[in-house]
Structure formats: C-alpha cells, structure tokens
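The values are calculated or read from the model by the stated rules, or taken from the named source; none is laboratory data. Quick caveat: nothing in here was measured; it's all calculated off a predicted structure. As a convention, Cβ positions derive from the backbone with ideal geometry for all residues, glycine included, and neighbour counts pool all protein chains shown. We work out accessible area using only protein heavy atoms, side chains counted, and drop any ligands, DNA or RNA first. Shrake-Rupley method; radii C 1.70, N 1.55, O 1.52, S 1.80 Å.
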Amino acid sequence: MAEPMTVTPLEPRLLCRAADVSALAFDSTDDLEPGDQPVGQARAMEAARFALSVARPGYNLAAVGPHGVGKHRTLIDLLDTLARDRPAGHDECYVFNFDDDQRPRHLRLPAGRGRKLVEDMSHLVEDLKAAIPAALDGDEYRARVQEIHEELAERAESVFEAAEKASKEASVKMVRTPAGVAFLPTINGEVLSGEAFAKLASEEREATTKTIEALQKKLQAGLRQMPRWAKEARDKLRELKREVCGFAVGHSIEELKARYEDLPEVQRYLEAVAKDVVDDPDAFRPSEETPPAVAVLGETDPFRRYRVNLLVDRAEAKAAAVVYEDRPTVDRLMGRIDHHVRLGNLVSDFTLIQPGSLARANGGFLVVDGRKILTHPYSWDVLKRALFSAEIRIESMARMLGLSSNATIEPEAIPLDVKVVLVLDRRIHMLLSVLDSETADLFKVTADFDDSIDREGAELDFARMVTRLTRVHDLKPFDKSAVARLVEYSAREAGDANKLSTNQRTLGDLLVEADHLAGRRERNVVTAADVEEAIEQRVRRSERIRARVHELIAERTLMVDTEGERVGQINGLWVQMLGDFTFGAPARITATVRVGRGEVVDIEREATLGGAIHSKGVLILSNYFASRFGQSAPLSLHASLVFEQSYSGVEGDSASLAELCCLLSALSGLPIRQCFAMTGSVDQHGNVQPIGGVNEKVEGFFDVCQRRGLAGQAVIIPKTNMRNLMLRADVIAACHEGKFSVYAVERVDEALELLTGVEAGEVNERNEFPPTSVNGLAQARLRRFADAATAFTARTPRKPS
C-alpha cells in the first residue's frame, strides 16, 4: 500500500516556539529596571483602581484569579500607593460612660490627639490626687464643717432647753440619763419619791400626770425634727464638699477643655468627668480603713474609670491604613472584649476592649483572603453586617449567638469607613455569587487577574518581572540566555506557545532553585544551564508515579504496543495531574463489532468507571456512524469500546478520536500501526477538536518509545493544538533525526490514512465510498451486518400476541 501523502510530520521548528535570545537587548537582569506594574494585568488593575476610587457604599473589590499570580502583593502595592494620597485617619478611643457603666462611650479624635488625651487624663488624675485632699484637709473647709456640726448640735440642744424650761414652769424636773430623758414631779423644788407621789390627792396626781405627758409629747415633737436637721446638715456638708472640690477641680478641667475646644464630644466627656469627681471625691483621699485583702481579691483601681482606652493610635501614621488580615476570625476582624477575675467572677470594663482589623483599617483599606474568611465560622456574616451598617460593634461571640446571659459591657458602635478587598479564586467567587446574593451588593466590582498573557511583545516586560523577583528574593542576576529559557518555561506552564504564564509563585521558586545551583558552581550570574537543571531536578523530585507507570509499560505489566499492526486496537493518550506535576502516558484502547441495533457500548460507563464527558464523547461516535453510514441502510451494529487495564475512572473526551479510528479499524478489518499514538476530540461530523495536556501526552508516548528504542514512532494531535506545542528539547532532537514525529490532523479521515496507510475515501452522490478505502470497507461490513440482521429476522418466527 502506498503511504498517504495528505499529512506530513510537523517541522521541528513548530514543536516549540523558542525564545529569541538576540532580541533581548540586555546582558543580564542587572541591566534592567524592575517592572513596577504586574505583567499583563492592565484590565484587573483598571477595575481595582475604579472600585477603590468610588466613594459609595458597596464599591468594595473582589479580586479573583488563580493562586500564584501575585494578587496579594500586587494589590498591597496598589493600596500603599493610593493610601499615600489619603489622610491618616482618626484615633479611636473608648472611655467610661458615667451615665451607664455597661455601655462605654466611643470618642473619635484627629490623628495623634488620642495619645495626648491619654496623657492629659493621666496627668489630671495625678493633679486631683493632690488637689482634692489638700482642699478637703484645709483649715477653711474644716472650719465650715465644724460650723455645720455645731449648728446641728445647737438645734438639738434648743429642743432640750425648751423642754427643760417648760418643765420648770410646770413644777416638773427634767432629768437626762443614758437611757433617755425623764420628767419627775416635784414639790418646792424637791423630786417626789414614788411613795410620796402615791400619797397625793387623786386630783393632784392626775393633774401632774397630764402635765408630764404633755411635756413628753412636746419633747418628742421636737426630737422628731432631728433626722430632718441631720439630713439638712449632711446636704450642707455634701454641698460644701462639692463647692470646695469644684473649685479644686474646676481650674484643671477648664484648662483641659480649652485644649479640646474643637472637639465637642471630648468636652462633654470632660464635663462628665468633672461632675463625677465632684460627686464622689473620696476616691482621691487615701483611706486607712481599706483592708489589705482588697488587692488580693482583685479589686479594681479606683481611678480606672478616668483612663482612656486608645483603641487605634494614628500618631505615627503618614497615610491611610492598609491592613492585611491573614486570620480573619470574628475577634480579629471586629475586635474583642477581654476579662479579668474578681472575687471568682469574670468581669470586664472599657479598658479591656481590644481592636480588630476593621478598626485598624478604618479610613483606609482592608485586604482579606476569601477562602479563609469563609472557613472561619460566622466571620463572613459579621463582615457583611459591618459593611451594611457602616459601623463596628465589638461584642463577645457567645453574646452575639445568644449563648450567654452573663452581664457584660456593650461598647458604643464605631462608625466604619473602609474599602475591603476580598482576594479569592474564581471558583469560590462564582459559588459565593450564586449562593449569597448579598455578595453583589457589597462587592460591586470584580478585578479578574489573568493566569496568562499574550507572548507577543511581552518578553521584555517578562524580563522586568524576573528582575523584580530576583531583587525581592535577593538573588544573583540572570543572563539573557537564562531569561530566554524562563520565557520558554513560562509558555510551557501557560499551555500555549503564544502565551506566558503569570504565575509568579512558580516562577519565583524556579528562580530561587536556579540561583542555588549557580551558587554551587560558584557563578555570579545564573545561566540557561542552571535554569535547565533546576527544571530537570523539579521534575525528578515529582516523577515517582510517572517512572513507575513507565516501568510497568516497559515490563509489559501494562500492555502497550509501539510496533506492529493490530485490528481494533490503538494507543490512546491520557494525562494525570499530581499536585503541581503533570505527566502523560499511553493506554491501549480496543474495539469489537458485531450485528446489533446500532449501539456503541461504552464499557467504562457500563462499569460505572466512565465520567459524563467521556460518555458524551462515545454517544457522539454513535451519531457519527449513523450520519456517515446510516443514510442508505439501517445501522445494524453493536460495538463496544474499552480502555484496557483501566482500574479507575475515565473522564474527558480527548480519546474520542482514537476510539472512532479504533471502531473503523474493527469494522474495516484494516490493522492500525501501533507505532502511532493519538489524542483528540471529535464532533458528529468528523472534525477533530483541541484537547488539553498535549505536551505531556506527546512526551509520555515519547518516553515509552525511547525506553524501548526509538524507531520512527509518532503521535497524532489535533491541528488546533499546534499553538500549544512547547515540547522538550530531547523530543525535538529525535524529530530532527527522524526517530520520532508529530502529526497534526483536522479530520478523522486524515488520521485514518496515517494509521492504516490506506486511503480513507470520499462518499459519492449515491452515498457510497470507494470499495477499497477505509470507509468503503467499513460500509461494506455494515451492509453485511444489515443483511444478516434482516435474514435473521425473516427466519425467526414471531411470538403470538
């Protein structure tokens, strides 16, 4: 049979788009300035700048893209730049609420004024510790206190004097005893004994008794006024103390208020402080009666209420805050309320309120990892609530969930003005948008970071990115040959010869490893050889499974033929991803045919080992057969397809071209050359469609053939995958020597001619193919199946209905 001439092997230059070293106008990365903009992310950066410039609620930013493209670092750099054009923000403080000690008050001050208020309140307390005791221990204060006490004593004494005077006029003697006051009858100034009083005439005794009772009532009436007079005295003492303390405190408070005359909230707080000090100045007087056990039992500082809790201090800030929260729990986002133990109980106050990242970022920017915030319970809900309400409410988790009834403080809410940047991958962003409708209300702008960029015209920008990474990691310079090899590696990572990967994490790791290898050779500049060795070592570290698969094929435990011819058997190609390492390998696909009802049975699906996409590919084959061969006769076919020695799931449609060719081989009886392996998807019209992992698949078959001995083997790929070819140097060298080839096809018929060496055949106006062609032989076989099915039906008696 003549060799088909319609498809020729791809030229070696088409198997890998090499970087043009001569076009790189520098000797090493030391000659370049590092790029200040992320390569190929203009669209994402434009979206980010737009979101961060719109001063409206909900215009927060969702930064999406794959891991490793540098989203975090890029956004932090952008935010740092934008923050420099924004004010530093405010100091946030909490102070004691003298009206309700369970609800601490929030104070917002200009940057740096919070620290000053802390100092001023500390100095005020120290001043009052000296001024109030001095005022309350002064001679004037003591004299006025003495006057009030003497006035009370005089009023009390006047009651007794009046009673005593009245008793003398009534010939009754008033006697004061430790037990109280007694009125005794007298005659001629002498007190009568009980016997003498009994001997008096009844009229006289009765009159004396009534007189005594009247005197007692009058005295009792006077004594009933004593509590009122005592209260009036206490009120006077209290008012005196307020007056004296007010004078002592007033100067200090007024001087302090003058420093904050531009801050009405602070002035109102200072007025409340002054009132509290005047109302209860005894805290500033040392007491000798305080038991020493108070400190042991954890009693709080009596001056604690006059402290200022400086929650956020912007005194040193030169620009708006940029905060990256790497562990977004509820407490770290919103803040928390600490406790201390007093008398065996957990208690808290305003000084134990701790800030969260929202408070620290207030007035600026907060960057949060989307996956992390979604994996921490309630953090996402808490962040949304804060953004919707534009305020920060610091409360305990137990109280928030209604799981605790313990009394605790409820701090006043802090007004919130922050731009949140949520960094997450595309899949999580898509799920979040679908499952949580509020996401679109809060993150109205999405910055989608590309995982690859167009290679054309971007190689110099790529070199600048390499320069930046070498300086970030403090590495040796890379010469132009090393940069060229990195360009090729990046194109291979992108899976497209005309693209470059933007994965800075993978590239940065490779730079570090190449730098290390150059250092072992005592070179001051990293070369292409160092980069190549780093790539090889990276593969070597990860290839244990690949090596084992190749070993199994070499010892024919996994049966794959690379020479000879077989009917209904072909080498398909599969690809496996193990973490960051991807490799390909061949697998035997076989097909059988017999008379049937037009069915193509997917054994993988029947065994529940085939995925939905693979099953779809097999169904497409059924319709291809029906369309091509079922126009003039019924399709009386029963075919089966299987991946031999497949013990796990099969997914994807990249083997559908190989399966179709295998079926046509089984139908036509023409053997397939086993020196070929192939990959590609096919549609119902026989057009070959692109697939993924083409480089790994080609190299996987090449490695198996090289181990057995290269003898002209080849791989057939879709023509649309030519742009994805970035093959290894050893594969290209074998193609140069004619020991290996890569073919690209557009139609099934092209692949059939390569595999069988027989013309595929074109259909004529009578829906017939040339009888000696692949399609003609298949059509003839199908017609024999149809005749056999018809004859069998005619011979078989019908069952009675």
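Results, tabulated for the structure shown:
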quantity	calculated
Test: residue in the stretch 538-548 that is surrounded by fewer than 22 Cβ atoms within 10 Å (Cβ to Cβ), over 37 Å from the mean Cα position of the chain (by Cα) and among the aliphatic types (A, V, I, L, M)	yes
Pairs where the first residue, in the stretch 499-517, is over 19 Å from Ala19 (Cβ atoms) and part of a helix (DSSP H, G or I) and the second is at pLDDT below 90 and not charged (D, E, K, R), C-beta under 6 Å, 6+ apart	Arg505/Gly68
Number of positions in the stretch 23-58 that are under 25 Å from Lys419 (Cα atoms) and of a type in the set (D, E, K, R)	5
Subset tally (residues that are open to solvent by 50 Å² or more (accessible area, probe 1.4 Å) and either closer than 16 Å to Asn503 by Cα or not in a helix (DSSP H, G or I) (or both)) for the stretch 455-475	8
Scan of the stretch 311-361 for residues that are within 30 Å of Ser53 (Cα to Cα) and of a type in the set (D, E, K, R), ordered by number	Asp313, Arg314, Glu316, Lys318, Glu325, Asp326, Arg327, Asp331, Arg332, Arg360
Pair list, Cβ < 6 Å and 6+ apart or interchain, from the stretch 374-394 residues that are in a loop (DSSP other than H, G, I, E, B) to residues that are open to solvent by less than 50 Å² (accessible area, probe 1.4 Å) and among the small types (Gly, Ala, Ser)	Arg393/Ala413; Ile394/Gly335
So Val341, is it outside any helix (DSSP H, G or I), open to solvent by less than 10 Å² (accessible area, probe 1.4 Å) and farther than 13 Å from Ile414 by Cβ	no
Residue, farthest from the chain's Cα centre (by Cα), within the stretch 351-366, restricted to residues that are open to solvent by 10 Å² or more (accessible area, probe 1.4 Å) and of a type outside the set (S, T, N, Q)	Leu352
Filter result (over 25 Å from Leu727 (Cα atoms) and among the polar types (S, T, N, Q)) within the stretch 679-694	Gln684
Yes/no for Lys210 being open to solvent by 90 Å² or more (accessible area, probe 1.4 Å), at pLDDT below 70, of a type in the set (Lys, Arg) and more than 28 Å from Glu154 (Cβ to Cβ)	no
Subset of the stretch 209-263 (residues that are of a type in the set (D, E, K, R), farther than 30 Å from Glu147 by Cβ and not in a helix (DSSP H, G or I))	Glu261, Asp262
Hits in the stretch 25-53 (condition: within 23 Å of the chain's Cα centre (by Cα) and either closer than 13 Å to Leu75 by Cβ or part of a loop (DSSP other than H, G, I, E, B) (or both))	Pro38, Gln41, Ala44, Met45, Ala47, Ala48, Arg49, Ala51, Leu52
Some residue of the stretch 700-720 being open to solvent by 50 Å² or more (accessible area, probe 1.4 Å), at negative phi, among the β-branched types (Val, Ile, Thr) and touching a Pro at 6+ places or on another chain (Cβ under 9 Å)	yes
Pair list, Cβ under 9 Å, 6 or more apart: the stretch 243-271 residue at negative phi, other residue open to solvent by less than 90 Å² (accessible area, probe 1.4 Å) and polar (S, T, N, Q)	Lys257/Gln267; Tyr260/Gln267; Glu261/Gln267
Boolean, Val278 is surrounded by 12 or more Cβ atoms within 10 Å (Cβ to Cβ) and either at pLDDT below 80 or within 23 Å of Asp235 (Cβ to Cβ) (or both)	yes
Hits in the stretch 213-231 (condition: open to solvent by 60 Å² or more (accessible area, probe 1.4 Å) and farther than 16 Å from Leu184 by Cα)	Gln220, Leu223, Arg224, Gln225, Pro227, Arg228, Lys231
Criterion (more than 27 Å from Asp441 (Cα to Cα), open to solvent by less than 20 Å² (accessible area, probe 1.4 Å) and either outside any strand (DSSP E or B) or not acidic (Asp, Glu) (or both)) met by exactly one of Leu311, Leu333, Leu346, Leu422	Leu311
Failed condition for His90, given (1) free of Cβ contacts under 8 Å to residues at least 60 places away in the same chain; (2) over 25 Å from the mean Cα position of the chain (by Cα); (3) open to solvent by 60 Å² or more (accessible area, probe 1.4 Å)	(1)
Subset tally (residues that are buried (at least 20 other Cβ atoms within 10 Å of the Cβ) and either in contact with a strand residue (DSSP E or B) (Cβ under 9 Å, 6 or more places away or on another chain) or in a loop (DSSP other than H, G, I, E, B) (or both)) for the stretch 759-777	5
Criterion violated by Gly652 - all others in (1) at pLDDT below 85; (2) farther than 23 Å from Ile717 by Cβ; (3) surrounded by fewer than 23 Cβ atoms within 10 Å (Cβ to Cβ) satisfied	(2)
Selection status of Leu10, over 37 Å from the mean Cα position of the chain (by Cα), closer than 30 Å to Val698 by Cα and open to solvent by less than 10 Å² (accessible area, probe 1.4 Å)	no
Subset of the stretch 518-528 [in contact (Cβ under 8 Å) with a residue 40 or more places away in the chain and either on the phi > 0 side of the Ramachandran plot or part of a helix (DSSP H, G or I) (or both)]	Ala518, Gly519, Ala528
